[in-house]
Every structure is written in structure tokens, then in C-alpha cells.
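**Q** What follows is a single structure, and I will ask about it in a moment.
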Amino acid sequence: MINEKSEKDNLSIILPTYNERDNICPLINKLLNLNAFYNLEILVIDDNSIDGTASLVRSIAQKDQRIRLVHRVDRTGLSSAIKEGFMNSTGSIVAVMDSDGQHEPDAIKEAIYKLNKDGLDLVIGSRFLGDSEIKGLSNRRKKGSSFANYFSRLSLSDNYNNLTDFMSGCLVMKRESCVYYVHKVDVNGFKFLYELLAVSNGSLKVAEIGLTFQPRTYGKSKLDIAIFWDFLISLLHSLSLRILP
């Protein structure tokens, strides 16, 4: 049982979107329930979706000041969206989630509790801990994630060897201790989390919680061959950070 703090933390939740019109409203409605525990803002960072995602979020935000839309034109990419969302957020705690509904909002609450209780800088929602449950990951994506995690562990600081999911899109950060490294994240990289761990070079206090990874309700995964190529570029970038003074 998680004991709640009497004083609410200021929490910003970043939701990067591209063509998530059918998923975004149910997710926002679930996340708004967290307002009972935190001073909440939800930032939807939309990469000029062609399915009307931005227009839908704009109409919701006009009625609820806790929701903010950043509609990006001529700027794309997941890492770039997360970084821009972080820099535009106001919370002392910043959370990141996928916008397809595969991450459960309760994971954010559990991660923040661990973040505060253990004095951490970053808590990752892992799909691969012993208490994790994967309901929405194809065999192809499992193999791809295993490949990426193996090489990530080899390329990153030994201080992060205890981690199990370097590719996670669900994480909670303390602004004060992470902002310097977020500013240095290469937005052309494969995954925001991997890049953040690379540039921090073992300096952050990091732990994980287990995720129940849900099936995507609508739409298709955006994973493709280009992403694996991007990972190889990120891997070389990470190795260069460790080798170069």
C-alpha cells in the first residue's frame, strides 16, 4: 500500500503523439485521476499528426487548463518530442509515457513513490523485471528489445548494469537533477532514455519498477527497420561519450 504525501508534488506528464487520436482521450481521462495526488499538468507533444490528434487535444485543452498542447511543425522524432516537452514543463517531477495506452497510469504513481522514498533521480518502468507482465509486445519486438538491451548494457556506464529495460518509454525524473543531462540529449538518438543514460555517464541514481505492458487498443506500432539503424547510431554515440575525454 502506497502512503501518500500530505503535500502534493508538482507533476508534469509528457505524452509524445503522432496519429494517436483514438488512444489519447482515454489515456488523458485516466491520467486526470492522478490530480487527487499531484498538482498535475499534461503536455501532449504532437508531431503534426494527420489524423486530427492535435485538433482533438486542443479542444480538450480549451476546457481544462491542466492539459497543454505543443503542436510541432517541421520538427519530428520521439527523443526530440520528449526533450521539448521536458523543457516546456513546469513540474518538479516529470513523467514520460507512450500515448498508445500500453503504459498504465498507476505505474506513474508507483514510480513517484519510489523516486521520493529512495531519494532517486530517475525511475524506469521496466517490461523485463521479475514482476513485470507483458501483454502487448510481439515476439519480433521482444527480440528487438532484447538485442537493444544487451548492447545497451555493454555500452553504458557500469553503474547502470542493474537495469533491465534501457528502451523503456515509461519513466519518471526529478527535474533538478536531470535537467542538465536532458539538455545534452541527442534528439536524433534511438531512444530518449538510452541517450539520457549515455550522457549522464553513471551520475544519476536510477531504479526500476515492473510494468504491466498492455496491448495497443488502436493503431499500429511505429517500430520499423529504420529504428534499429537509429539504435546503431546511438550505440556509436554512446561509445564515443565514454572514450572521448
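**Q** Check whether at least one residue in segment 76-93 is at pLDDT below 95 and surrounded by fewer than 20 Cβ atoms within 10 Å (Cβ to Cβ), and report yes or no.
**A** yes
**Q** Which of the residues spanning segment 159-184 are of a type in the set (D, E) and closer than 20 Å to E110 by Cβ?
**A** Across segment 159-184, the qualifying residue is only D165.
**Q** Residues being open to solvent by 60 Å² or more (accessible area, probe 1.4 Å) and more than 12 Å from N19 (Cα to Cα): count how many of those fall in segment 54-75.
**A** Count: 10.
**Q** Follow-up. Are any residues in segment 150-189 part of a loop (DSSP other than H, G, I, E, B) and either under 12 Å from the mean Cα position of the chain (by Cα) or without any contact (Cβ under 8 Å) to a residue 60 or more places away in the chain (or both), and if so, which ones?
**A** N161, N162, L163, T164, D165, F166, M167, S168, G169, C170
**Q** What is the residue count in segment 150-160 for residues that are at pLDDT below 85 and either open to solvent by 10 Å² or more (accessible area, probe 1.4 Å) or touching a Ser or Thr at 6+ places or on another chain (Cβ under 7 Å) (or both)?
**A** Going through segment 150-160 one residue at a time, the tally reaches 2.
**Q** Check whether at least one residue in segment 5-13 is part of a strand (DSSP E or B) and of a type in the set (S, T, N, Q), and report yes or no.
**A** yes
**Q** Can you name the number of the only condition in (1) under 16 Å from the mean Cα position of the chain (by Cα); (2) touching a residue at least 40 places away in the same chain (Cβ under 8 Å) that F37 fails?
**A** Answer for F37: the failing condition is (1).
**Q** Among the candidates D22, D51, single out the residue that is more than 24 Å from V179 (Cα to Cα), open to solvent by 10 Å² or more (accessible area, probe 1.4 Å) and not in a helix (DSSP H, G or I).
**A** D51 is the lone residue from the list that is more than 24 Å from V179 (Cα to Cα), open to solvent by 10 Å² or more (accessible area, probe 1.4 Å) and not in a helix (DSSP H, G or I).
**Q** Take the residues in segment 193-232 that are open to solvent by less than 20 Å² (accessible area, probe 1.4 Å) and at pLDDT below 65, then tell me which one is farthest from G77 (Cα to Cα).
**A** So the residue we want is F213.
**Q** Quick one: what pairs do we get from segment 120-132, first residue crowded, with 17+ Cβ neighbours inside 10 Å, second at pLDDT 95 or above and of a type in the set (D, E), C-beta under 6 Å, 6+ apart or different chains?
**A** What qualifies is I124/E208; S126/E208.
**Q** Among S55, S59, S79, which is of a type in the set (S, T, Y) and in contact with an Asp or Glu (Cβ under 7 Å, 6 or more places away or on another chain)?
**A** Being of a type in the set (S, T, Y) and in contact with an Asp or Glu (Cβ under 7 Å, 6 or more places away or on another chain) holds for just one of S55, S59, S79, which is S79.
**Q** Could I ask something else about it? In segment 161-192, which residue that is crowded, with 19+ Cβ neighbours inside 10 Å and hydroxyl-bearing (S, T, Y) is farthest from V94 (Cα to Cα)?
**A** The selected residue is S168.
**Q** Checking N39 against (1) surrounded by fewer than 14 Cβ atoms within 10 Å (Cβ to Cβ); (2) in contact with a Leu (Cβ under 8 Å, 6 or more places away or on another chain), which test does it fail?
**A** In the conditions (1) surrounded by fewer than 14 Cβ atoms within 10 Å (Cβ to Cβ); (2) in contact with a Leu (Cβ under 8 Å, 6 or more places away or on another chain), N39 misses (1) alone.
The values are calculated or read from the model by the stated rules, or taken from the named source; none is laboratory data. On a predicted model such as this, the values are computed, not experimentally measured, just so you know. Neighbour counts are summed over all protein chains in view; Cβ atoms, including those assigned to glycine, are modelled from backbone coordinates with ideal geometry. Each accessible area value is taken on the protein alone, full model and side chains, heavy atoms only, with ligands, DNA and RNA left out. Shrake-Rupley method; radii C 1.70, N 1.55, O 1.52, S 1.80 Å.
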